[in-house]
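Comments concern the structure below.
The values are calculated or read from the model by the stated rules, or taken from the named source; none is laboratory data. Since we're looking at a predicted model, the values are computed, not measured. Because the Cβ atoms are built from the backbone with ideal geometry, glycine has one as well, and the counts that use them run over all protein chains shown. Please note that ligands, DNA and RNA were not included when accessible areas were found on the heavy atoms of the full protein model with its side chains. Shrake-Rupley method; radii C 1.70, N 1.55, O 1.52, S 1.80 Å.
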Amino acid sequence: MFICLDPGHSGPVEPGACFHNLHEADLTLAIALQAAEALRQNGASVCLTRTGDTDDDGLTWRAALANRAGCNAFLSIHCNAAEDDTARGIESYYYPGSTLGRLLAGSVQNELNGLNYSLDRGVKDAFFTVLAATSMPAVLVECGFITQYQDRQILCDPAWQQAIGQALAHSLLNVSF
């Protein structure tokens, strides 16, 4: 199995959702690195769209990297944000009509919900660029809300980042491609 992990956003050029000095790009990278380690420990090959900050805030190159590499699955890792500071939860997206994408999104959602750290916002379809431009089953997961207190505490905790990364790895290993 060959998995492409995409830590959402790019760092200073495009940090993603922010809350005070906290940036989504930093949290997604920490979680992705944990997921990559867990996947490798279970015999999977992994490519990451970034292992640090990048100067490119585009989206299509992420999918193109996975396509060129011949990956079996693509997982884009994100943290959500909202003006309403009570909004919280986990949600997983797949490209409309992708049966394997839907199956993978369900696996991701189930594994994260199994950690019982936030609310289940469900599995949804969406025309996100990274889902549309990939040639393999692809999921974009929102691991929680950076703008909500309880979710933020979890997302910032290294032990929870490891647990989330391991759950994401397990979700990918559970699906046959």
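Compared with the alpha-carbon gap, the fully stretched path from PHE127 to ASP157 is longer by 7.7 nm at 0.36 nm per residue.
Ranking of HIS9, HIS170 by solvent-accessible surface, largest first: HIS170, HIS9 (1.4 Å probe, protein heavy atoms only, all chains present). Once you divide the Cα radius of gyration of the range 117-162 by 2.2 N^0.38 Å, the number left is 1.42.
With Kirkwood's inverse mean 1/r over C-alpha pairs for Rh, give me the Rg to Rh ratio of the range 85-177, two decimals please. Result for the range 85-177 is an Rg/Rh of 0.98.
Measuring from a point 7 Å past the Cα of SER45 along Cα-to-C-beta, which residues in the range 63-88 have an amide N at less than 20 Å? Residues 63-76 fall inside that zone.
Normalised per residue, the accessible area of the range 1-107 is 44 Å², obtained with a 1.4 Å probe and no contribution from ligands, DNA or RNA.
Rounded, prolate or oblate: which one fits the range 1-73, using the alpha carbon gyration tensor with axes a ≥ b ≥ c (rounded when a/c is under 1.5, else prolate when a/b beats b/c, else oblate)? Note, shape of the range 1-73 comes out oblate. Computed from the C-alpha gyration tensor, the three semi-axes of the ellipsoid equivalent to the chain are 22, 18, 16 Å, from longest to shortest.
When the Gaussian network model of the chain links Cα atoms closer than 10 Å, the mean-square fluctuations of ASN67, ASN116, ASN80 top out at ASN116.
Here, the range 138-177 yields an orientationally averaged convex hull projection of 3.1 nm² when only Cα atoms define the hull. Only helices at least 20 Å long along their own axis, judged from Cα atoms, and with Kyte-Doolittle mean hydropathy of -0.5 or greater: name those in the chain from DSSP H. Going by DSSP H runs, the hits are 24-41, 99-113, 158-173. Taken along the Cα-to-beta-carbon direction at a fixed 7 Å, the label points for ALA87 and ASP57 span 2.0 nm.
Ligands, DNA and RNA left out, the accessible area of the range 46-177 computed with a 1.4 Å probe is 47% carbon and sulfur.
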